[in-house]
Amino acid sequence: MALSFLLFFNRLLQGLARPKILAACFLLCGLPTGLGCALLTPIGMFPDELAHIIRADGLRYGEIYGVTPPEPSQNAVATQGEMIGDGIVIVLIAKEFADSQPDRPVPAADRLAVEALPWVPGKVYCATQMVEYFPILYTPAALGLLAGEGAGLSPLHTFFLGRVAMLLAFLAMGTAAIGLARWGNLLLFAVLTLPTTINLASSYNQDGMLIVTFALAAALLSRSRPHFSPRLSIMGLSLGWFAALALLTAGICAKTPYAALLALCLLPLQAAGIWRRAAFLLLACVAPALWLLHIEHAGLMAYPRIPYHPGPLWPGPRDIILRAVTPSYNLQVLRAHPLQVILLPVASFARDWGGDWRPMLGMLINDHILIGSWEYPLLALGLAAAMLDAASARPGWRHVDAGFAGAALFAAFIGMELSMYLTFTQVGMTQISGVESRYLLPLLPFLILLLPFAGKPLARLPRPAPFWLCLPAVVMAGANVYALPVFVFHIFRMPGP
């Protein structure tokens, strides 16, 4: 009996590195972990969740572009918002949200009160800065809200169904990404099972959907090979390539600072049909460009600040007093100091990395609660092992492809950092403010296109069996099936809905 068990366990370990097995592990671990986060976290306690649910609920009523407030207020941070259902609004303003902040147990009376709330007819205006994002990634949440009300669920249970719908969409796309990638499957698994990623995926925050959208796009791009003639194609380009282009376009419409990632659709550069790929790529750029023009026309949100003088980089007089972050002023700064386009993001990243790597791996609850300290070295080990596994791949691409992929990733990083400088950092400052480490997670899946070239010097070194590289990430994903929901429950002591 013992020998049979050992043989079975050995076969299981040997098969662990297979894409289908990894995809199954992701689904089996991600579903209970995500459900624990979604159902045990109080209303609005995920990062920026109240602002995101306004965007999601507005989408189910057909609100795409946002609306101006019926009664403009000079004190409003957001100049646009959404008309959303009163039934969801009464959930958002229930005492549960206020009484659970910053990280307190939810009083039983608060949960009973919000469970008893009935549906209220009508709609009301709610301001949200999320109108700056094209709402395509909120589609699962909007469908969940629509289904919940249509099925006769209470407003509270409908609210939780929207979270679960976002999680299920994330799991479906993540399973497809891990199973379809030609290489780097383990790295995709490691990124998608990080506590930060699973936590975001269990909420109305679109960042979880953005990460998995880019992961699936990276997986499909990995299937592009030189001199490959696909069976199913349009104008000589595979349907998988078109799907990757569509996914990237959707994600970049949602968050335009990552626009440089679209260039990855040109890879591999030596593959046949590069001019056709370039033509479709330029066509795809029209959608995010139009959305960016819409945002500029509607007016970017101006974050109010305590009165301050401009920083050292401001090209005008320093004795003026400003009371908000003005994107056009910071654009003047970059025009006056063009080298700062590169120097500011790099210097700010170097300054913040020492405190940012932990939140990138495991940050919960409104970006201020770190998971247990015992997890970080193990999560880092799992991510490092997954990168080593990706570096051992031999995709048949050239070094110029690696250089091109690295340039596109770096440009997307610069775009993300500069977007926060323009829209959130006080005018003229020498450091970028407001960059959350989770903003780096959408870039990590594309490392599978770059790491095989970085790993070529390691090819002559002895390498452990593939399943040994899989174990750290898989074990941590399995451990968090229990550890992560228990951690959330320990904070809020909230029973499920």
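The values are calculated or read from the model by the stated rules, or taken from the named source; none is laboratory data. Note that the coordinates shown come from a computational prediction; the quantities given were computed from them, not determined experimentally. With ideal geometry, Cβ positions are generated from the backbone for all residues, glycine too; neighbour counts draw on all protein chains shown. The accessibility values were calculated without ligands, DNA or RNA, using every heavy atom of the protein model including side chains. Shrake-Rupley method; radii C 1.70, N 1.55, O 1.52, S 1.80 Å.
If we count every other residue with Cβ under 13 angstrom of Pro42's Cβ, Lys/Arg +1 and Asp/Glu -1, where does the sum land?
On the way: positive: Lys95, Arg104, Arg111, Arg163, Arg493; negative: Glu49, Glu96, Asp99, Asp103, Asp110, Glu115.
Around Pro42, the charge tally is -1.
What residues have an amide H closer than 5 Å to that of Gln80, excluding those fewer than 5 places away on the same chain, when H is modeled at 1.01 Å from N in the peptide plane?
Close amide H contacts, sequence-distant or interchain: Thr128.
Given the stretch 31-129, report the % of alpha carbon pairs whose separation exceeds 20 Å. Numbers along the way, then the final one.
Details: 2242 of 4851 pairs.
When all Cα pairs of the stretch 31-129 are counted, 46 percent exceed 20 Å.
Mind checking which of Ala271, Met387, Ala483 is farthest towards the positive end of the chain's charge dipole, using Cβ charges of +1 (Lys, Arg) and -1 (Asp, Glu) about the Cα centre?
The residue sitting most towards the positive pole is Ala271.
Tell me, what is the per residue accessible area of the chain in Å², probe radius 1.4 Å? If you can, show how the numbers build up before the last one.
On the way: 21360 Å² over 497 residues.
I get 43 Å² per residue for this part.
For Ile295, what charge total do you get from the other residues with a beta carbon under 13 Å from its beta carbon, if Lys and Arg give +1 and Asp and Glu give -1? Don't skip to the answer; put the middle values down first.
On the way: positive: Lys255; negative: Glu132, Glu296.
Net charge in that neighbourhood comes out at -1.
Taking the Cα centre of the chain as origin, sum charge times position over the Cβ atoms of Lys and Arg (+1) and Asp and Glu (-1), and report the length of that vector in debye to the nearest 20. Please list the in-between numbers first.
Details: 30 positive and 25 negative charges, 406 e Å.
The dipole of the chain has a size of about 1940 debye.
Considering Cα pairs under 8 angstrom that are at least six residues apart, work out the relative contact order of the stretch 241-351 and quote it in whole percent. List each step's numbers first, then the result.
Working: 77 pairs, mean separation 19.4, N = 111.
So the answer I get is 17 percent.
Using +1 at the Cβ of each Lys and Arg and -1 at the Cβ of each Asp and Glu in the stretch 68-167, identify which of Ala127, Val106, Met83 lies farthest towards the dipole's positive end.
Sorting the options by dipole projection puts first Val106.
Pairs of alpha-carbon atoms within less than 8 angstrom and 6+ residues apart define the contacts here; what relative contact order does the chain have, in percent? Walk me through the numbers on the way to the answer.
On the way: 826 pairs, mean separation 107.8, N = 497.
Averaging sequence separation for qualifying contacts and normalising by length gives 22 percent for the chain.
For the stretch 262-289 and the stretch 155-180, write down the distance between their C-alpha centroids in whole Å.
Rounded to whole Å, the Cα centres lie 30 Å apart.
Could you tell me the calculated FRET efficiency between Arg104 and Leu381, based on Cβ-Cβ distance and R0 = 35 angstrom, to the nearest 0.05?
Values: r = 33 Å, r/R0 = 0.95.
Given R0 = 35 Å and the Cβ-Cβ separation, E is 0.55.
Obtain the nm distance between the two label points defined at Ala454 and Tyr308 by a simple spin-label model: each point lies 7 Å from its Cα along the Cα-to-C-beta direction.
Placing both labels 7 Å along Cα→Cβ, they lie 3.3 nm apart.
In whole Hz and in residue order, list the ³J(HN,Hα) couplings for the stretch 145-162 that follow from phi through the Karplus curve 6.51 cos²θ - 1.76 cosθ + 1.60, θ = phi - 60°; x for Gly and Pro.
The phi angles translate into 5, 5, 5, x, 5, x, 7, x, 5, 6, x, 5, 5, 5, 4, 5, 5, x Hz.
Run the reach check for Lys95 against aspartates and glutamates, Cα to Cα strictly under 12 Å, same-chain hits fewer than 8 apart removed. What comes back?
Leaving aside aspartates and glutamates fewer than 8 places away in the same chain, those within reach of Lys95 are Asp110, Glu115.
If you add up the charges near Gln80, with Lys and Arg at +1 and Asp and Glu at -1, over every other residue whose beta carbon is less than 14 angstrom from its beta carbon, what do you get? Write down the numbers at each step before the final one.
Numbers: positive: Arg55; negative: Glu63, Glu71, Glu82, Glu132, Glu296.
Every neighbour counted, the sum reads -4.
Rounded to whole Å and ordered largest first, report the semi-axes of the equivalent ellipsoid of the stretch 103-151 derived from its Cα gyration tensor (root of 5λ).
Numbers: eigenvalues 130, 59, 35 Å².
Working from the Cα gyration tensor, I get semi-axes of 26, 17, 13 Å.
Which cross-chain or sequence-distant (5 or more) residues have an amide H under 5 Å from the amide H of Lys123, H modelled 1.01 Å from N in plane?
Hits under the 5 Å cutoff: Asp86.
Using θ = phi - 60° and the Karplus relation 6.51 cos²θ - 1.76 cosθ + 1.60, list the HN-Hα couplings for the stretch 405-419 in order, rounded to whole Hz, with x at every Gly or Pro.
4, x, 5, 5, 5, 5, 5, 5, 4, 4, x, 5, 5, 5, 4
Can you give the helix-only mean residue ellipticity at 222 nm for the chain, where every DSSP H stretch with n ≥ 4 adds -39500 (n - 2.57) and the sum goes over all residues, rounded to the nearest 500 deg cm²/dmol? Present the calculation step by step, with values, prior to reporting the outcome.
Working: 20 runs with 281 residues, N = 497.
Calculated at 222 nm, the ellipticity per residue is -18000 deg cm²/dmol.
How large a share of the accessible area of the stretch 233-335, in percent, is made up of carbon and sulfur atoms when the probe is 1.4 Å and the other protein chains stay in place?
Working: 3520 of 5000 Å².
Summing carbon and sulfur atoms, their accessible area is 70 percent of the total for the stretch 233-335.
Spelling out what I want: for every residue of the stretch 260-270, take phi, set θ = phi - 60°, compute 6.51 cos²θ - 1.76 cosθ + 1.60 (Karplus), and round to whole Hz; glycine and proline get x.
In residue order, the calculated couplings are 4, 5, 4, 4, 5, 6, 7, 7, x, 5, 8 Hz.
Where a ≥ b ≥ c are the square roots of the eigenvalues of the C-alpha gyration tensor, would you call the chain rounded, which needs a/c under 1.5, or, failing that, prolate if a/b is larger than b/c, or oblate?
On the way: a/c = 1.58, a/b = 1.15, b/c = 1.37.
In terms of gyration-tensor shape, oblate.
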